[in-house]
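Worksheet: the structure to be examined is printed underneath.
The values are calculated or read from the model by the stated rules, or taken from the named source; none is laboratory data. Everything numeric here is computed off the predicted structure, so don't read it as measured data. So basically every Cβ, Gly included, is an ideal-geometry build from the backbone, and we count neighbours across all protein chains shown.
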Amino acid sequence: MEALVDLFFSLIDVLRSLFNVVVSLVRVIVPWLPLLAWIGFWTFAVNWAKAFSILRRGGLIGVFLMMFVSVLVWGSVAPPVGGEHFMFGLSVSNYVGKFIYVTMLTCIALLCGSAQLSGAFGRLCEFSEEPEDDHHGHGGHGGHGHDDHGHGGHDTQGHESHGHDAHGHAAHAH
């Protein structure tokens, strides 16, 4: 009976130790949750195949402008205590510190995109392709987008009065 009581108290000690490990782990993780959420969003919620093509066509200028505005607003709204940031063993001014933070967050986002495009996450980061809208602007006519003859989504309503036959071809008077 004595061994059973010792086993019971040992199990209670193990559970108490596991609880202490979980509490310590939560104390370590909670301050890092915003950064982990930032990394998770830019890794799993953004389709970087489309985003990088936009960035290559000039979207990077918009990113730089958003970074600049973020530094200005963040520096104005939340100056550090004492007016300086202490990072990497240096004392830097408010706006320089905010610039470093914003640049680091932007680099982390771009690194998440690079990791996603490299295939490091496998099937976790696959995005289904959405159908593109018709380039003629006929995609949203509520079911009138395609006729029975398969001629590129042109409906026949109103084409006869503009010199077109039922198939969208120009009608010639002979």
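Of all residues in the range 71-88, which are at positive phi and not in a helix (DSSP H, G or I)?
Answer for the range 71-88, where residues must be at positive phi and not in a helix (DSSP H, G or I): just 88.
If I filter the range 61-70 down to residues being without any contact (Cβ under 8 Å) to a residue 40 or more places away in the chain and surrounded by 13 or more Cβ atoms within 10 Å (Cβ to Cβ), which single residue comes out as farthest from the chain's Cα centre (by Cα)?
Here the answer is 70.
Just for the range 71-104: of the residues that are touching a strand residue (DSSP E or B) at 6+ places or on another chain (Cβ under 6 Å) and buried (at least 16 other Cβ atoms within 10 Å of the Cβ), which one is modelled with the lowest pLDDT?
85
Look through the range 105-119, keep the residues that are of a type outside the set (Ser, Thr, Tyr) and loosely packed, with under 12 Cβ neighbours inside 10 Å, and return whichever of them is nearest to the chain's Cα centre (by Cα).
So the residue we want is 107.
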